[in-house]
Amino acid sequence: MTDHSDLRALFINTTLKREPSESHTKLLMNASAAIMTQQGISVDHVHMLSHHIPPGIYPDMTEHGWDRDDWPLIWDKVRAADILVVGSPLWLGEESSVCRVLIERLYGMSGQLNDKGQSIFYGKTAGCVITGNEDGIKHAAMTIGYAMNHLGFTIPPQADCGWIGEAGPGPSYGDEKEDGTRVGFDNEFTQRNTTIMTWNLIHLARMLKDAGGYPNQGNDRKAWDAGARFGFENPEYRS
(Lines give C-alpha, C1' and ligand atoms only; values in the text may rest on other atoms or scores of the structure.)
Protein backbone atom coordinates (compact mmCIF):
# COMPACT_ATOMS: atom_id res chain seq x y z
CA MET A 1 0.00 0.00 0.00
CA THR A 2 1.28 3.47 -0.88
CA ASP A 3 2.30 5.63 2.06
CA HIS A 4 0.44 8.96 2.03
CA SER A 5 1.32 10.03 5.56
CA ASP A 6 3.40 12.97 4.33
CA LEU A 7 0.41 14.52 2.49
CA ARG A 8 -1.76 17.26 3.96
CA ALA A 9 -5.31 18.09 2.89
CA LEU A 10 -7.40 21.15 3.68
CA PHE A 11 -11.19 21.23 3.37
CA ILE A 12 -12.64 24.76 3.26
CA ASN A 13 -16.39 24.99 3.73
CA THR A 14 -18.02 28.09 2.24
CA THR A 15 -21.52 27.35 3.50
CA LEU A 16 -23.78 30.26 4.45
CA LYS A 17 -24.56 28.51 7.75
CA ARG A 18 -22.97 30.36 10.64
CA GLU A 19 -22.68 27.20 12.74
CA PRO A 20 -20.43 24.50 11.23
CA SER A 21 -22.59 21.73 12.68
CA GLU A 22 -25.59 22.88 10.64
CA SER A 23 -23.83 22.65 7.27
CA HIS A 24 -25.14 20.08 4.80
CA THR A 25 -22.07 20.66 2.64
CA LYS A 26 -19.80 19.61 5.48
CA LEU A 27 -21.52 16.22 5.70
CA LEU A 28 -20.45 15.35 2.16
CA MET A 29 -17.02 16.91 2.67
CA ASN A 30 -16.64 14.64 5.71
CA ALA A 31 -17.14 11.58 3.48
CA SER A 32 -14.20 12.62 1.32
CA ALA A 33 -12.09 13.60 4.33
CA ALA A 34 -12.73 10.20 5.94
CA ILE A 35 -11.21 8.39 2.95
CA MET A 36 -8.12 10.59 3.14
CA THR A 37 -7.79 10.06 6.87
CA GLN A 38 -7.97 6.29 6.34
CA GLN A 39 -4.97 6.65 4.01
CA GLY A 40 -2.93 8.41 6.68
CA ILE A 41 -3.29 11.89 5.19
CA SER A 42 -3.33 14.77 7.66
CA VAL A 43 -6.71 16.45 7.22
CA ASP A 44 -7.73 19.91 8.43
CA HIS A 45 -11.06 21.73 8.12
CA VAL A 46 -11.86 25.43 7.86
CA HIS A 47 -15.37 26.84 8.16
CA MET A 48 -15.14 30.28 6.56
CA LEU A 49 -17.91 31.93 8.56
CA SER A 50 -16.25 30.94 11.82
CA HIS A 51 -13.67 33.58 10.92
CA HIS A 52 -13.66 37.24 9.98
CA ILE A 53 -12.51 37.19 6.36
CA PRO A 54 -13.50 40.31 4.42
CA PRO A 55 -13.70 40.36 0.62
CA GLY A 56 -10.72 41.68 -1.25
CA ILE A 57 -7.71 40.77 -3.35
CA TYR A 58 -4.90 41.60 -0.95
CA PRO A 59 -3.05 39.32 1.49
CA ASP A 60 -4.14 41.35 4.53
CA MET A 61 -7.21 43.56 4.24
CA THR A 62 -6.42 45.39 7.50
CA GLU A 63 -3.96 47.29 5.33
CA HIS A 64 -6.90 48.38 3.20
CA GLY A 65 -9.41 49.72 5.69
CA TRP A 66 -10.73 46.63 7.47
CA ASP A 67 -10.48 46.40 11.26
CA ARG A 68 -9.87 42.65 11.28
CA ASP A 69 -8.78 39.99 8.81
CA ASP A 70 -8.30 36.33 9.74
CA TRP A 71 -7.19 35.38 6.24
CA PRO A 72 -3.45 35.31 7.08
CA LEU A 73 -4.19 32.45 9.53
CA ILE A 74 -6.15 30.55 6.88
CA TRP A 75 -3.44 31.21 4.32
CA ASP A 76 -0.88 29.41 6.47
CA LYS A 77 -3.10 26.30 6.22
CA VAL A 78 -3.55 26.65 2.45
CA ARG A 79 0.16 27.08 1.90
CA ALA A 80 0.94 23.95 3.92
CA ALA A 81 -1.64 21.77 2.15
CA ASP A 82 -0.97 19.46 -0.79
CA ILE A 83 -4.71 19.04 -1.46
CA LEU A 84 -7.42 21.71 -1.28
CA VAL A 85 -11.09 20.77 -1.36
CA VAL A 86 -13.58 23.63 -1.60
CA GLY A 87 -17.12 22.98 -0.42
CA SER A 88 -20.03 25.19 -1.42
CA PRO A 89 -23.83 25.13 -1.35
CA LEU A 90 -25.82 26.13 -4.42
CA TRP A 91 -27.90 29.30 -4.58
CA LEU A 92 -29.70 30.06 -7.85
CA GLY A 93 -27.37 27.66 -9.61
CA GLU A 94 -24.19 29.34 -8.39
CA GLU A 95 -21.61 28.77 -5.68
CA SER A 96 -22.09 30.78 -2.49
CA SER A 97 -21.02 34.38 -2.00
CA VAL A 98 -18.64 33.11 0.68
CA CYS A 99 -17.02 30.87 -1.94
CA ARG A 100 -16.42 33.90 -4.13
CA VAL A 101 -14.69 35.60 -1.20
CA LEU A 102 -12.44 32.55 -0.84
CA ILE A 103 -11.54 32.68 -4.52
CA GLU A 104 -10.80 36.41 -4.24
CA ARG A 105 -8.54 35.86 -1.27
CA LEU A 106 -6.71 33.01 -2.99
CA TYR A 107 -6.28 35.28 -6.00
CA GLY A 108 -4.76 37.87 -3.69
CA MET A 109 -1.93 35.43 -2.97
CA SER A 110 -1.24 34.58 -6.62
CA GLY A 111 1.65 37.01 -6.81
CA GLN A 112 3.65 34.84 -4.44
CA LEU A 113 6.12 32.43 -5.99
CA ASN A 114 7.69 29.18 -4.87
CA ASP A 115 11.44 28.62 -4.85
CA LYS A 116 11.32 27.66 -8.55
CA GLY A 117 9.85 30.99 -9.58
CA GLN A 118 6.42 29.44 -10.19
CA SER A 119 2.99 30.23 -8.75
CA ILE A 120 2.86 29.37 -5.05
CA PHE A 121 -0.04 27.04 -5.91
CA TYR A 122 2.05 24.84 -8.24
CA GLY A 123 2.31 21.29 -6.94
CA LYS A 124 -1.06 21.44 -5.16
CA THR A 125 -4.21 19.65 -6.27
CA ALA A 126 -7.76 20.94 -5.89
CA GLY A 127 -11.33 19.67 -6.08
CA CYS A 128 -14.80 20.73 -4.98
CA VAL A 129 -17.87 19.44 -3.17
CA ILE A 130 -21.27 20.97 -4.05
CA THR A 131 -24.62 20.46 -2.32
CA GLY A 132 -28.10 21.95 -2.63
CA ASN A 133 -31.63 21.18 -3.75
CA GLU A 134 -31.54 22.87 -7.15
CA ASP A 135 -29.51 22.27 -10.32
CA GLY A 136 -26.03 23.71 -10.71
CA ILE A 137 -23.39 21.22 -9.53
CA LYS A 138 -21.54 21.14 -12.84
CA HIS A 139 -21.79 24.89 -13.35
CA ALA A 140 -20.40 25.67 -9.90
CA ALA A 141 -17.71 23.01 -10.29
CA MET A 142 -16.73 24.53 -13.63
CA THR A 143 -16.36 27.99 -12.09
CA ILE A 144 -14.45 26.82 -9.03
CA GLY A 145 -12.29 24.41 -11.01
CA TYR A 146 -11.30 27.05 -13.55
CA ALA A 147 -10.43 29.53 -10.80
CA MET A 148 -8.25 27.01 -9.00
CA ASN A 149 -6.52 25.94 -12.21
CA HIS A 150 -5.91 29.54 -13.29
CA LEU A 151 -4.23 30.26 -9.97
CA GLY A 152 -1.90 27.29 -10.38
CA PHE A 153 -3.61 24.34 -8.74
CA THR A 154 -3.59 21.07 -10.67
CA ILE A 155 -7.06 19.61 -11.21
CA PRO A 156 -7.21 15.81 -11.55
CA PRO A 157 -9.87 14.01 -13.61
CA GLN A 158 -13.40 14.09 -12.21
CA ALA A 159 -12.41 16.40 -9.37
CA ASP A 160 -15.93 17.36 -8.32
CA CYS A 161 -18.82 15.70 -6.58
CA GLY A 162 -22.16 16.75 -5.20
CA TRP A 163 -25.77 16.10 -4.32
CA ILE A 164 -28.88 18.10 -5.24
CA GLY A 165 -31.81 15.71 -4.87
CA GLU A 166 -34.96 16.27 -6.88
CA ALA A 167 -35.46 19.52 -8.78
CA GLY A 168 -37.28 22.16 -6.78
CA PRO A 169 -37.42 22.98 -3.08
CA GLY A 170 -36.88 20.00 -0.84
CA PRO A 171 -34.67 18.42 1.79
CA SER A 172 -30.93 19.07 1.78
CA TYR A 173 -28.16 16.52 1.96
CA GLY A 174 -28.16 14.81 5.34
CA ASP A 175 -31.62 15.91 6.49
CA GLU A 176 -33.32 13.23 8.57
CA LYS A 177 -36.25 11.35 7.05
CA GLU A 178 -39.29 10.10 8.95
CA ASP A 179 -37.76 6.62 9.15
CA GLY A 180 -34.56 7.98 10.71
CA THR A 181 -32.36 7.61 7.63
CA ARG A 182 -30.54 10.59 6.13
CA VAL A 183 -31.35 12.19 2.78
CA GLY A 184 -28.76 11.50 0.09
CA PHE A 185 -26.62 9.12 2.12
CA ASP A 186 -27.83 6.17 0.03
CA ASN A 187 -27.26 7.85 -3.34
CA GLU A 188 -24.77 5.62 -5.14
CA PHE A 189 -23.98 8.24 -7.81
CA THR A 190 -22.88 10.70 -5.13
CA GLN A 191 -21.00 7.99 -3.25
CA ARG A 192 -19.15 6.95 -6.41
CA ASN A 193 -18.23 10.47 -7.54
CA THR A 194 -17.10 11.48 -4.06
CA THR A 195 -14.87 8.43 -3.86
CA ILE A 196 -13.40 8.91 -7.35
CA MET A 197 -12.73 12.60 -6.72
CA THR A 198 -11.01 11.84 -3.43
CA TRP A 199 -8.77 9.12 -4.79
CA ASN A 200 -7.82 11.12 -7.88
CA LEU A 201 -6.82 14.02 -5.63
CA ILE A 202 -4.72 11.63 -3.58
CA HIS A 203 -3.08 9.98 -6.62
CA LEU A 204 -2.19 13.28 -8.25
CA ALA A 205 -0.95 14.83 -5.01
CA ARG A 206 1.26 11.76 -4.53
CA MET A 207 2.71 12.05 -8.04
CA LEU A 208 3.38 15.77 -7.69
CA LYS A 209 4.96 15.34 -4.26
CA ASP A 210 7.22 12.55 -5.46
CA ALA A 211 8.23 14.54 -8.53
CA GLY A 212 9.05 17.62 -6.48
CA GLY A 213 6.31 19.58 -8.26
CA TYR A 214 6.62 20.81 -11.82
CA PRO A 215 9.89 21.47 -13.65
CA ASN A 216 10.41 25.20 -14.02
CA GLN A 217 11.49 25.16 -17.64
CA GLY A 218 9.18 27.63 -19.37
CA ASN A 219 7.20 28.70 -16.30
CA ASP A 220 9.82 30.40 -14.14
CA ARG A 221 8.50 33.95 -13.68
CA LYS A 222 11.74 35.16 -12.13
CA ALA A 223 13.69 33.96 -15.16
CA TRP A 224 11.11 35.58 -17.45
CA ASP A 225 11.49 38.90 -15.65
CA ALA A 226 15.26 38.54 -16.03
CA GLY A 227 14.88 38.24 -19.80
CA ALA A 228 14.48 34.53 -20.51
CA ARG A 229 11.83 33.78 -23.14
CA PHE A 230 11.94 29.94 -23.22
CA GLY A 231 11.56 29.73 -27.01
CA PHE A 232 8.87 32.34 -27.46
CA GLU A 233 9.33 34.46 -30.57
CA ASN A 234 7.51 37.73 -31.06
CA PRO A 235 5.60 37.45 -34.38
CA GLU A 236 6.60 41.03 -35.24
CA TYR A 237 10.19 39.95 -35.72
CA ARG A 238 9.56 36.94 -37.89
CA SER A 239 10.43 37.19 -41.56
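Structure notes:
- Charge tally around L49: other residues with Cβ under 9 Å, Lys/Arg +1 each, Asp/Glu -1 each, net +1.
- Charge tally around N30: other residues with Cβ under 14 Å, Lys/Arg +1 each, Asp/Glu -1 each, net 0.
- For segment 142-239, a simple Cβ point-charge model (Lys and Arg +1, Asp and Glu -1, everything else neutral) yields a dipole of about 660 debye relative to the Cα centre.
- About its Cα centre, segment 10-149 has a charge dipole of approximately 280 debye under the convention of +1 per Lys or Arg Cβ and -1 per Asp or Glu Cβ, with nothing else charged.
- Annotation for segment 186-207 versus segment 53-85: alpha-carbon center distance of 28 Å.
- Note on the chain: GNM, Cα springs under 10 Å; of D44, D67, D160, the largest mean-square fluctuation is that of D67.
- Sequence-distant residues sharing a close amide H with W163 (under 5 Å, placed H): I130, T131, G132
- Per residue, the average separation of C-alpha pairs within less than 8 Å and at least 6 apart gives the chain a relative contact order of 19 percent.
- Accessible area (Å², 1.4 Å probe, nearest 10) - K77: 80 Å²
- Selection from A228, H4, Q39 lying farthest towards where the dipole of the chain points positive, charges on Cβ: A228
- 222 nm mean residue ellipticity, helices alone, for the chain (DSSP H n ≥ 4; -39,500 (n - 2.57); rounded to 500): -10500 deg cm²/dmol
- Here the Karplus curve 6.51 cos²θ - 1.76 cosθ + 1.60, taken at θ = phi - 60°, turns the phi angles of segment 40-46 into couplings of x, 6, 6, 10, 10, 10, 10 Hz, with x standing for Gly and Pro.
- Three-way shape label, the chain, alpha-carbon gyration tensor, a/c 1.5: prolate
- Using the Cβ of L90 as centre and a radius below 9 Å, the other residues enclosed give a net charge of -4, where K and R count +1 and D and E count -1.
- Taking the C-alpha atoms only, the angle from helix 97-107 to the longest principal axis of the chain is near 20 degrees.
- Dipole axis of the chain (+1 Lys, Arg; -1 Asp, Glu on Cβ), positive-most option in A205, L49, N114: N114
- The lysines within cross-link reach of K116, meaning a Cα-to-Cα straight distance under 28 Å and a gap of 8 or more places when in the same chain, are K77, K124, K209, K222.
- Placed amide H near L84: partners under 5 Å, 5+ positions off or other chain: L10, T125, A126, G127
- Taken about its Cα centre, the chain carries a charge dipole of roughly 680 debye when the Cβ of each Lys and Arg holds +1 and the Cβ of each Asp and Glu holds -1.
- Computed on segment 31-160, with alpha-carbon pairs under 8 angstrom and 6+ residues apart, the relative contact order is 23 percent.
- Of all DSSP beta bridges in the chain, antiparallel share, percent nearest 5: 10 percent
- Residues whose placed amide H lies under 5 Å from that of V43, excluding near-sequence neighbours: A9
The values are calculated or read from the model by the stated rules, or taken from the named source; none is laboratory data. Quick caveat: nothing in here was measured; it's all calculated off a predicted structure. FYI the Cβ positions are ideal-geometry reconstructions off the backbone, even for glycines, and counts take in every protein chain you see. All accessible areas refer to the heavy atoms of the entire protein, side chains included, with ligands and DNA or RNA removed. Shrake-Rupley method; radii C 1.70, N 1.55, O 1.52, S 1.80 Å.
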